[in-house]
């Protein structure tokens with residue numbers, strides 16, 4: 001059987017504006033990211049410093065190191081039977097180095113790569129990787145999905161450099177090891193949004209300037225189906241919210 005994306009648009013009334021409007025985001029796009037120390041887990045609170053002292057999370061689930069430094073191995077704090085291995089190194093400006101990418105082994109024989117392609121790594125203004133997005137999945141038989149992203153560089157309200165990284169395409173339906181190309185795809189299309197939002201997360205400036213306009217499924221060069229997202233303005237602030 002082939003591997004295929006499992007995607008959905010999720011609404012959380014308590015969340016800030018995401019790529020699908022107020023409280024809306026696309027579920028099914030996994031990411032490993034830096035996360036702060038907490039009193040419950042570490043006996044103290046410490047924010048993300050973008051150096052060797054940082055902790056890592058996968059989709060907000062805390063990772064715990066179980067072996068090694070370079071090529072360190074991690075598991076999730078709440079056991080999910082995943083083996084997560086840091087790959088390569090990228091130097092920090094102030095000394096030391098952090099992972100270039102990660103490989104995740106879920107335990108079913110499949111293999112996921114995070115940050116293996118440059119477009120799947122989020123960087124701060126100094127070039128430190130702050131997030132590693134899933135870039136490739138290969139099951140035990142070699143069936144493959146490849147994820148592609150685009151980074152939109154901009155300037156925040158205080159002159160900071162911002163990079164808004166968005167999914168562009170998930171290609172699947174093939175087995176490169178057997179010479180079968182990835183002939184199926186899901187493509188994401190975005191548009192400028194009227195309710196731009198800027199802020200900081202982990203000390204890194206971010207911008208939310210685009211919103212999901214449509215999702216397209218393709219076989220080869222042919223569009224099979226296109227799903228459009230319609231928004232309404234919510235509240236006095238006029239924030240985008242999904243209508244349908």
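Quick note: the coordinates plus some simple rules give every number you see, no bench work behind them. Just so it is clear, the model here is predicted, and its values are computed rather than measured. For neighbour counting, all protein chains shown are included, and Cβ atoms are generated from backbone atoms with ideal geometry for every residue, glycine included.
Using the Cα atoms of the range 25-140 to build a convex hull, what is its mean projected area in square nanometres? Write out the running numbers ahead of the final one.
Numbers: hull surface 31.2 nm².
Its Cα hull, projected and averaged over all orientations, spans 7.8 nm².
Can you compute the FRET efficiency between residue 155 and residue 213 using 1/(1 + (r/R0)^6), with r the Cβ-Cβ distance and R0 = 35 Å? Round to the nearest 0.05.
Details: r = 23 Å, r/R0 = 0.66.
For residue 155 and residue 213, the calculated efficiency is 0.90.
In nm, to one decimal, how far is the modelled label at residue 64 from the one at residue 45, with both set 7 Å along Cα→Cβ?
For the pair residue 64/residue 45, the computed spacing is 2.3 nm.
So what is the relative contact order of the chain, in percent, for Cα pairs below 8 Å that sit 6 or more residues apart?
Numbers: 582 pairs, mean separation 35.2, N = 244.
After rounding, I find 14 percent.
At a Förster distance of 30 Å, what's the computed FRET efficiency of residue 227 paired with residue 181, Cβ-Cβ distance as r, to 0.05?
Numbers: r = 25 Å, r/R0 = 0.83.
That pair, residue 227 with residue 181, gives E of 0.75.
Could you work out how far apart the two model spin labels at residue 27 and residue 13 are, taking each label as a point 7 Å from the Cα in the direction of the beta carbon, and quote it in nm?
1.7
No solvent, one uniform scatterer per C-alpha: report log10 I(q)/I(0) for the range 150-244 via the Debye equation at q = 0.22, 0.23 1/Å, two decimals.
Normalising to I(0) and taking log10 leaves -1.09, -1.13.
What are the principal axis extents of the Cα atoms in the range 34-79, in Å, biggest first?
25, 24, 20
Ratio of the chain's C-alpha Rg to 2.2 N^0.38 Å, to two decimals?
Numbers: Rg = 18.8 Å, N = 244, 2.2 N^0.38 = 17.8 Å.
Here the answer is 1.06, to two decimals.
Report, largest value first, the span of the C-alpha coordinates of the range 75-163 along each principal axis, in whole Å.
The principal-axis extents, from largest down, are 48, 28, 24 Å.
Using only the Cα atoms of the range 101-147, each taken as one equal point scatterer with no solvent, compute I(q) by the Debye sum, divide by I(0), and report log10 of the ratio at q = 0.21, 0.27, 0.33 Å⁻¹.
Debye intensities relative to I(0), on a log10 scale: -0.66, -0.91, -1.14.
How many angstrom separate the Cα center of the range 18-43 from the Cα center of the range 163-228?
When both Cα centres are located, 19 Å separates them.
Tell me what the chain gives for mean residue ellipticity at 222 nm when only DSSP H runs of n ≥ 4 count, each as -39,500 (n - 2.57), the sum divided by the residue total, rounded to 500 deg cm²/dmol.
Working: 1 runs with 4 residues, N = 244.
Estimated from H runs of four or more residues: 0 deg cm²/dmol.
Mind ordering 183-194, 211-222 by average Cβ neighbours within 10 Å, highest first? Before the final figure, lay out the partial values.
Values: 183-194: 16.6, 211-222: 15.0.
Peptide ranking by packing, descending: 183-194, 211-222.
Taking 7 Å along the Cα-to-C-beta vector as the label spot, tell me the residue 197-residue 90 distance in nanometres, rounded to one decimal.
Label at residue 197, label at residue 90, 2.5 nm between them.
Before anything else, pin down the relative contact order of the range 25-140: Cα pairs under 8 Å, at least 6 apart, normalised by residue count, whole percent.
Relative contact order comes out at 20 percent.
Could you identify which residue out of 97, 110, 13 has the top mean-square fluctuation in a GNM of the chain using Cα springs shorter than 10 Å?
Comparing 97, 110, 13 in the GNM, the peak value goes to 13.
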